[in-house]
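Structure record follows, encoded as structure tokens.
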Amino acid sequence: MHMATLFYRVCSFIVLIALLGGIADAARAQENDTTSQESESDIVTLAQIGATDQTLSGVFDGTRYLFSTPANWNLESGAQLLLDVAAFFPLGDAQQRLGGFLEVRFNRVLIGTAELTKPGEQRLTFNIPDQALIPVRSDGRHELDVALDNPSGCDVTPSERTAIVIRETSRFVLPHTLTPLSTDLRNLPRPIFQGSFEPDQATIIVPDTPSLTDLQAAMTIAASFGRLTDGRLQIDLTTVQRLSPQARTGRHLILVGSHTGLMPIVRNLALPAALNDKGFNAPGAMDDDGILQMIVSPWNAERVVLLVSGGSEAGVAKAARALSALPVRINGRPDLAVVRDLPAPPVEVPLAIDQRLSDLGLEPRVIRDRTGTFDLRFNLPAGQQLDEGAYFDLTFNHAATVDFGQSSVSIGLNGVPVGSVRFSDETTRVTTSRIMLPPSAARSGANILTIQTNLAPRSLCTDTRAADLWATIWPESALHLPMKPSTAEPRRTFNLSSYPLPFTLNPSLTTTAFVVPQNAPIAWNAAALLAFHIGRQTRDAVLQPIVVFADNVPADVRTSRDLLIVGRPATLPILADLSDALPAPFDPGSDTPRSVDTPVVYRVPPDASVAYLQIVTAPWNPERVVVAALGSDDASIDQAMLMLIDPRQRTRLTGTLAIIDLQQRVTLGNGRAIVTGPAPMPAATATPVAGPVAQPTAQPVQPTSVPAQNASSNNNMLLLAVLVAAIIGIGAVVFWRAPWRRPPGT
């Protein structure tokens, strides 16, 4: 009995210790969670601003991080940078004593220097003074520079040098207060797009029964914001009645259309130009003027409402197009603008054969980055092409401190390298070098001449931050551009992977028409997202796409514009006119193709969700293209759109027909490409298929949160294992020494 009693007491003691340990761990975890919650709104990690682990090594190395804070943040005193780093010293203790330094600057203010003497993971804390909280960049972004200074690395091989990894878990602590959002129209696209670590989201809202002008204005605005934000705004389109409470409170709202169509949502808004029976009461506004207004959202003080409207359909169109020609000119107050007219299309001035950069208004351009790029744009008149003997006289010089063997300047025309100049003692003085321009590298319309410099220091041990490395491009540089009349326009080759070509060939989208069904908000939304993606590829022009309904596509639109058809086949009567051209034609009123031009044809259930992407030469004009993004239901319409705008998916679309299910399984048609234009293709000429590929939208990378109780959970598991082992061990001892196991008399 004595051993049994001892066993019970020991077990009770162990259980009590385990319970007390668990309670203490839970209390600590709760305390950590509370601390985290209190400071969570002030914490911004490098992962949140899109950074990943970054390695610095060598003698001098550095990295830069750029980010914006939300528009309503007012930073206060007490800011810190908590830099998580991992240090590696391949040579061990001797190298640790000479590991070097990390020099950290925030907005170009030195906030600290840390000596590197300890290997492994560590956290370095830097206080950020108040004067460093003010951005110094013209774009308003904050700038963090981290530099490794390791002079001892000159004496060892590259594999033996100190290496530092800056972890993406590094974080800023940015105490702040919230201020009202600015509704100054001159700041657009801000605050709708802020480019901060918080996602920027906006919803375009059109009337429940929009006119063609309303939809056209919506597509223009979508394309404009695609251009203004470089595709980084999360945008969608809906109608007044379909606007969800979540979108109304959680997103910026862009109201587009006539005042009558927007009446249900606008009548309760406190607008600068109030709504009345005749429209908006804007000072001096005429019936055909466009109206732009912006207010803080009454549903969420951290969001805004932008109104794009007018006293007539002409006014709505003007207001929408004005957003592609920022900045906005206000009308007496910053939150209201009246658009009287749009800028006239620029008159094409004949290009002089010889032009200096100074004639184009350019001043001396100094490039100080290790690799710097400078773009020069020029236009060749319509109907003209570059003749033999064209050249670019590059007048430049550079610092004598560069390594002549590794430093150079290169010239490219429309992305094609056409020449380079290696630096020397002679080129340290102002020098002119002639680069010949092959006629085949130029094209009618817009051309881009790219000047790229590569500046390398003479020694690996040179601190490039202090070294005066530079190259100057002088405005005495000159273009010699002899021209001749163009021969017949060469045929162009397209397939689905060429998208967004051909729509982006005209930067104002005046050759683009969106064809959509009536009463189809899902198709309108898909078309708006396609417009947003196309607009991202455009530059420097007032955007003027048009929208037509699929049951009434005018003849002049068919012959003069490339068509982008979006929706369910059964709601798109124009497909009947394309039945002889489409690789997967549809019968009127049907969402299932009557035949498909694929290697193998399968039976598909009538209710299957299937997307169809097709590209064909327009049967009514062989120089025009028709792209159809079709879906048998709402989900597959979105799938067709996503396949086009995601460049990773678009590379899979190598032909003229793609059939996609909701699992993104793709079946390709037999056709490989289409050819447009009247001229025959020269037998020995290779025509490029795809134009520049757009990069995916970069969304802020959210850090993977590690629960605070993970460590305590592991400890509890270990404690439980020890407890079980102790119980088993004690039980074995008690059993072994139990009285019934002893021989008689012992």
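May I ask you to verify whether THR55 is under 30 Å from ALA147 (Cβ atoms), β-branched (Val, Ile, Thr) and at pLDDT 50 or above?
Working: under 30 Å from ALA147 (Cβ atoms): yes; β-branched (Val, Ile, Thr): yes; at pLDDT 50 or above: yes.
In short, yes.
Within region 37-79, the residues that satisfy the criterion of being free of Cβ contacts under 8 Å to residues at least 24 places away in the same chain and not polar (S, T, N, Q) are GLU38, GLU40.
Does region 123-131 contain any residue that is at pLDDT 85 or above and part of a loop (DSSP other than H, G, I, E, B)? Explain how you work it out, then say what you get.
From region 123-131, those at pLDDT 85 or above are 123-131; that's our starting set.
When the remaining residues are screened for being part of a loop (DSSP other than H, G, I, E, B), the result is 128-129.
Within region 123-131, one or more residues are at pLDDT 85 or above and part of a loop (DSSP other than H, G, I, E, B).
Out of all the residues in region 89-116, which are open to solvent by 20 Å² or more (accessible area, probe 1.4 Å) and at pLDDT below 85? Once the filter is applied, which keeps residues that are open to solvent by 20 Å² or more (accessible area, probe 1.4 Å) and at pLDDT below 85, region 89-116 yields PHE89, PRO90, LEU91, GLY92, ASP93, ALA94, GLN96, ARG97, LEU98. Set side by side, the residues ASP214, ASP200 differ, and just one is closer than 30 Å to GLY261 by Cα and in contact with a Pro (Cβ under 8 Å, 6 or more places away or on another chain), which is ASP214.
Return the residues of region 428-470 that are modelled with pLDDT of 80 or more, among the polar types (S, T, N, Q), surrounded by fewer than 17 Cβ atoms within 10 Å (Cβ to Cβ) and under 34 Å from the mean Cα position of the chain (by Cα); say none if nothing qualifies. The one that is modelled with pLDDT of 80 or more, among the polar types (S, T, N, Q), surrounded by fewer than 17 Cβ atoms within 10 Å (Cβ to Cβ) and under 34 Å from the mean Cα position of the chain (by Cα): SER440.
For region 366-402, the set of residues classified as touching a residue at least 60 places away in the same chain (Cβ under 8 Å) and part of a loop (DSSP other than H, G, I, E, B) consists of ARG368, ASP369, ARG370, PRO381, ALA382, GLY383, ASP387, GLU388, GLY389, ALA390, ALA399, THR401, listed by residue number. The set of residues in region 609-661 being assigned to a loop (DSSP other than H, G, I, E, B) and open to solvent by less than 30 Å² (accessible area, probe 1.4 Å) consists of SER609, ALA618, SER632, LEU653, GLY655, THR656. Identify all residues within region 35-48 that are more than 14 Å from GLY78 (Cβ to Cβ), surrounded by 11 or more Cβ atoms within 10 Å (Cβ to Cβ) and at pLDDT below 90; write none if there are none. Of everything in region 35-48, those that are more than 14 Å from GLY78 (Cβ to Cβ), surrounded by 11 or more Cβ atoms within 10 Å (Cβ to Cβ) and at pLDDT below 90 turn out to be THR35, SER36.
Within the set LEU509, LEU543, LEU501, the sole residue that is closer than 23 Å to ARG443 by Cβ, modelled with pLDDT under 95 and either among the aromatic types (Phe, Trp, Tyr) or open to solvent by 20 Å² or more (accessible area, probe 1.4 Å) (or both) turns out to be LEU501. Here region 365-424 is the region considered, the condition is being farther than 19 Å from LEU479 by Cβ and under 28 Å from the mean Cα position of the chain (by Cα), and the residue that is surrounded by the most Cβ atoms within 10 Å (Cβ to Cβ) is ILE367. Residues in region 200-228 that are closer than 19 Å to GLN241 by Cα and in contact with a Leu (Cβ under 7 Å, 6 or more places away or on another chain): ALA202, THR203, ILE204, ILE205, VAL206, PRO207, ALA218. For the structure I just gave you, tell me whether ALA581 is part of a loop (DSSP other than H, G, I, E, B) and either open to solvent by 10 Å² or more (accessible area, probe 1.4 Å) or not aromatic (Phe, Trp, Tyr) (or both). So ALA581 passes the test.
The values are calculated or read from the model by the stated rules, or taken from the named source; none is laboratory data. This one's a predicted model, so the numbers in the text were calculated from it and none came from an experiment. Glycine gets a Cβ as well: all are built from the backbone with ideal geometry, and neighbour counts include every protein chain shown. Side chains are part of the model used for accessible areas, which takes the heavy atoms of the whole protein and leaves out ligands, DNA and RNA. Shrake-Rupley method; radii C 1.70, N 1.55, O 1.52, S 1.80 Å.
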